[in-house]
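Below is one structure, written out as structure tokens, with a few remarks after it.
The values are calculated or read from the model by the stated rules, or taken from the named source; none is laboratory data. Remember, predicted model here, so these are calculated numbers, not experimental data. Every residue, glycine among them, receives a Cβ derived from its backbone with ideal geometry; neighbour counts consider all protein chains shown. For the accessible areas, the whole protein counts, side chains as well, though only heavy atoms, and no ligand, DNA or RNA atoms are used. Shrake-Rupley method; radii C 1.70, N 1.55, O 1.52, S 1.80 Å.
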Amino acid sequence: MNDDQLSIFDERLWKIKIYDTYNAYKSIETFLALHSDSEALEEEVESLEKLFDLQSNQMVVLFCTYTEVMIKDFLYTIYHENPNEIEKHLSDEFLHEFKEARSKKSLDQELIEKFANIAAKKSFKSSNIEKTFNIICNLVYKKDPMTCKKDFEKTKENLIKIFKIRNLLVHQDKESKTSAKNIIDILYLKIALNFIDKLNEFCDVLNLNSVKETKQKRQEEAERLLTNIFLL
């Protein structure tokens, strides 16, 4: 998944992506369930079962990739609207350029997008995702001290555990003690959707105009389409 240029956080598009990925995975499982007793397809089913085991592991890895880009999109949105937050998350390589642009009052929209993109990626630490969550909570805490505490601790704990499993699968080439197939439903239908809802709640708390504008445009488009249907 390419995150060269991050986007304004959009909870609806993320939910669609999660559902589409999950449904594609479940279609393989459904096929196996329907044809597991078929002698004519025995070799094909056996090969598909091995592929399905591999795909299950990849679904864990993909879940973490989605989570990573979700977080980066969310942070990008914050930095995009609050350039004052960018500076503390830039490496020395870009810090001088950023300060120089600000001092010359030449920090236009294009530069804000560039530096917000860099800062969001720099803020994410896959090796220390807890630090990333602390960055998020510190940003939200300024607006609403209670929001990050409200049922978010469990979400953080779950995601930290899942990233550890991902690291075992990817970096150490070891299988988790937990069968990946047993946790896909939980990852995609519960944890992912809960996390998207939580980030969306944070967007509301932070009063992010770009997120509100995206929702407003979508609502207007839906109303326009509905009006056209009634006019047919």
### Task
Normalising by the residue count of region 46-170, find the relative contact order in percent from Cα pairs under 8 Å and 6+ residues apart.
31
### Summary
Dipole check, the chain, charges on Cβ (K,R +1; D,E -1), about Cα centroid: among 83, 19, 186 the Cα furthest to the positive pole belongs to 83
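At 1.4 Å probe size, put 130, 201 in order of accessible surface, largest to smallest. Could you put the intermediate results ahead of the total?
On the way: 130 95, 201 55 Å².
Most to least solvent-accessible, the answer reads 130, 201.
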### Query
What cysteines in the chain have no other cysteine with a beta carbon less than 4.7 Å from their beta carbon?
64, 203
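List the relative contact order of region 100-211 as a percent without decimals, with contacts defined as Cα pairs under 8 Å and 6+ residues apart. Each step should come with its number before you reach the end.
Working: 36 pairs, mean separation 26.4, N = 112.
Here the relative contact order equals 24 percent.
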#### Entry: Packing-based ranking, highest mean first, of 86-94, 189-197 given that Cβ atoms within 10 Å are counted
189-197, 86-94
## Note on the structure
Fraction of alpha-carbon pairs in the chain farther than 25 Å apart, rounded to whole percent, equals 52
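Could you please put 146, 70 in sequence from largest to smallest accessible area, using a 1.4 Å probe? Please report the intermediate quantities before stating the final value.
Details: 146 120, 70 0 Å².
Output order, biggest surface exposure first: 146, 70.
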#### Entry: Hits among lysines - C-alpha to C-alpha of residue 156 under 16 Å, sequence gap 8 or more where chains match
72, 125, 131, 164, 190, 198
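Excluding ligands, DNA and RNA, what is the solvent-accessible area per residue of region 11-231 at a probe of 1.4 Å, expressed in Å²?
Working: 12980 Å² over 221 residues.
Per-residue value: 59 Å².
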### Message
As an exercise, find the ratio Rg/Rh for region 102-205 from alpha-carbon atoms, using the Kirkwood inverse-distance average for Rh.
### Response
1.07
### Query
Share of region 11-231's accessible area from carbon and sulfur, percent, 1.4 Å?
50
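Mean separation of Cα pairs under 8 Å and 6+ residues apart, divided by the residue count of the chain: what relative contact order is that in percent?
Values: 163 pairs, mean separation 71.5, N = 232.
Here the relative contact order equals 31 percent.
Determine, for each peptide in 101-107, 10-16, 73-79, 207-213, the mean count of other beta carbons within 10 angstrom over its residues, then list the peptides with the highest first.
Values: 101-107: 12.0, 10-16: 16.6, 73-79: 25.3, 207-213: 15.0.
So the peptides 101-107, 10-16, 73-79, 207-213, ranked by packing, come out 73-79, 10-16, 207-213, 101-107.
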### Message
On C-alpha positions alone, give me the angle between the axis of helix 209-231 and the longest principal axis of the chain, in degrees, nearest 10.
### Response
60
